[in-house]
Amino acid sequence: MHNANSAPLRARRAAPLTGTAQIPGDKSISQRALILGALADGETRITGLLESGDVHSTAGALSAFGATLTQEGPGRWRVLGTGVGNWTSPAAPLDFGNSGTGSRLVMGAMATTPITATFTGDASLRSRPMARVVEPLLAFGVTYEGQGEKALMPLTLHGAKAAKAITTHVATASAQVKSALLLAALNAQGTSRISQDALTRDHSEKMLAAFGAKISVSPRAEGGEVITVEGPARLTGCNVEVPRDPSSAAFAIVAALVVPGSEIELPAILLNPRRTGLIQTLLEMGAQIDVRNKRTSGGEEIGDLVVRRSQLKGVEVPADRAPSMIDEYPILAVAAAFATGKTAMRGLEELRVKESDRLEAVALGLMLNGVRYEIEGDDLVVEGMGPDGVPGGGTVPTHMDHRIAMSFLTMGLASQQPVTVDDVTMIATSFPEYQDLMKGLGAVMEAP
Ligand code: S3P
């Protein structure tokens, strides 16, 4: 996959990184705040919303369903919802750009209202399987027309009329699939029960409760959990404060760990335990990351981080940690390249269906920069080259994947030779401030 208007960028070794990184709002929570706001009765006021391509795609789609969304300032949005079950059919196909989360959650949100919408997106999104979402929604009575077995976009979804509650188990370790079902359950008659083995991110559950949905979460004896939602639900608009995104912070954190002499601060980062697998892993690798002033904001745990350059050592990352760091494996692979010893990351099958096949994209990036690794099934084992031993010098294809771009730029900040990535335009889907923020800390990134 290639972006027609691509812009390459090169990162190279320079001075230590210092200062304060003001990371933008969390993407997952931003998407959910807009969607729940659009489903609720009355007004939702959001602060700290991530202003990025993915979030703006979702905002556009929600307006097409009849909600009123107004940007009142940077990160400050007002949403007037229609009430659950009152969305109307959009007049034109909905273009979700690069956003898997936006499109899949909105599919769930419209699934139990008798309306029709066509979903499409960029080349990356059009290659991603939608069957994982629309097949479980069939139990509510939806019908759909997608492309081929994987139900690729363009996909037309017909919401169910008079949907009834369902009991189902989500086999995929995906918060997007779980969330789509929870949102669909809002307008189905009765109590839906949705169980999952993996403890995927729980922002939908928390925010639904804050909007007044009757929702409960209980652990299951056999592991995982079961979530019940009572429908038809009435959601009430509320105030949402979006914490700063740990998945975006990850790039600055690892940069500070690997660039000699660095010390940076990252205030008010989301520390929901289902999102902190990378921090846990880096600590096990010997990273100096101080978590200070833990507190709660907008119903989520947050804290301030101080990160210092550290000598990292290779570790085993167990498969059951994957849900809490699913978007962080590319940047962990970069940290592992600068470590001493091997880092084995187990159970990465979900990486194959992200914005790119991230397992392949990471492997190729490592190879092009002289880092040794092995792929064993769905495991990735990176051989650490030591803090000064990563050769670099490669030009990495990013496959329209923002996290591949930011990960390999991070590598270039500490490798012997600069690292080039073929396209940085996609970074704007999740972290438009990335380049300015990193340069503000002292990073050197320039057009090749
Ligand atoms: C997300 C869930 C994850 C993650 C994505 C955001 C969400 O996807 O990769 O960036 O907001 O629910 P999966 O649910 O497919 O694992």
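The values are calculated or read from the model by the stated rules, or taken from the named source; none is laboratory data. Everything numeric in this text was worked out from a predicted model, so none of it was measured. Every residue, glycine among them, receives a Cβ derived from its backbone with ideal geometry; neighbour counts consider all protein chains shown. These area figures cover heavy atoms from the full protein model, side chains too; ligands, DNA and RNA do not enter into them. Shrake-Rupley method; radii C 1.70, N 1.55, O 1.52, S 1.80 Å.
If you go through segment 6-25 one residue at a time, do you hit one that is within 16 Å of the ligand (Cβ to nearest atom), among the small types (G, A, S) and either assigned to a strand (DSSP E or B) or touching a helix residue (DSSP H, G or I) at 6+ places or on another chain (Cβ under 8 Å) (or both)? Give the steps one after another, and end with the answer.
Pass one, segment 6-25, residues within 16 Å of the ligand (Cβ to nearest atom): 23-25.
Then keep just the ones that are among the small types (G, A, S); that gives 25.
Next, only the ones that are either assigned to a strand (DSSP E or B) or touching a helix residue (DSSP H, G or I) at 6+ places or on another chain (Cβ under 8 Å) (or both) stay: 25.
Yes, segment 6-25 contains at least one residue that is within 16 Å of the ligand (Cβ to nearest atom), among the small types (G, A, S) and either assigned to a strand (DSSP E or B) or touching a helix residue (DSSP H, G or I) at 6+ places or on another chain (Cβ under 8 Å) (or both).
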Looking only at residues that are in contact with a Lys or Arg (Cβ under 7 Å, 6 or more places away or on another chain) and over 18 Å from V106 (Cα atoms) in segment 213-234, which one is nearest to the ligand (Cβ to nearest atom)? V226
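Of the residues that make up segment 87-98, is at least one under 19 Å from the mean Cα position of the chain (by Cα) and part of a strand (DSSP E or B)?
There is at least one residue in segment 87-98 that is under 19 Å from the mean Cα position of the chain (by Cα) and part of a strand (DSSP E or B).
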Would segment 417-427 turn up any residue that is part of a helix (DSSP H, G or I), under 19 Å from the mean Cα position of the chain (by Cα) and under 20 Å from A256 (Cα atoms)? yes
Take segment 283-304 and flag every residue that is open to solvent by less than 60 Å² (accessible area, probe 1.4 Å), in contact with a helix residue (DSSP H, G or I) (Cβ under 8 Å, 6 or more places away or on another chain) and among the aliphatic types (A, V, I, L, M). M285, A287, I289
Take L50 and decide whether it is open to solvent by less than 10 Å² (accessible area, probe 1.4 Å) and either within 16 Å of the ligand (Cβ to nearest atom) or not basic (K, R) (or both). yes
Based on what the data block shows, is Q71 open to solvent by less than 40 Å² (accessible area, probe 1.4 Å), polar (S, T, N, Q) and either on the phi < 0 side of the Ramachandran plot or at pLDDT 95 or above (or both)? no
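Quick check on segment 123-132. Is at least one of its residues open to solvent by less than 30 Å² (accessible area, probe 1.4 Å), outside any helix (DSSP H, G or I) and charged (D, E, K, R)? So that I can check it myself, show each step before the final result.
Of the residues in segment 123-132, the ones open to solvent by less than 30 Å² (accessible area, probe 1.4 Å) are 124-125, 128-131.
Subsequent filtering for residues that are outside any helix (DSSP H, G or I) retains 128-130.
Subsequent filtering for residues that are charged (D, E, K, R) retains 128.
Taking every residue of segment 123-132 in turn, at least one turns out to be open to solvent by less than 30 Å² (accessible area, probe 1.4 Å), outside any helix (DSSP H, G or I) and charged (D, E, K, R).
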Contacts under 6 angstrom Cβ, first residue in segment 412-440 being β-branched (V, I, T), partner in a loop (DSSP other than H, G, I, E, B) and open to solvent by 50 Å² or more (accessible area, probe 1.4 Å), 6 or more apart: T420/P8; T420/P448
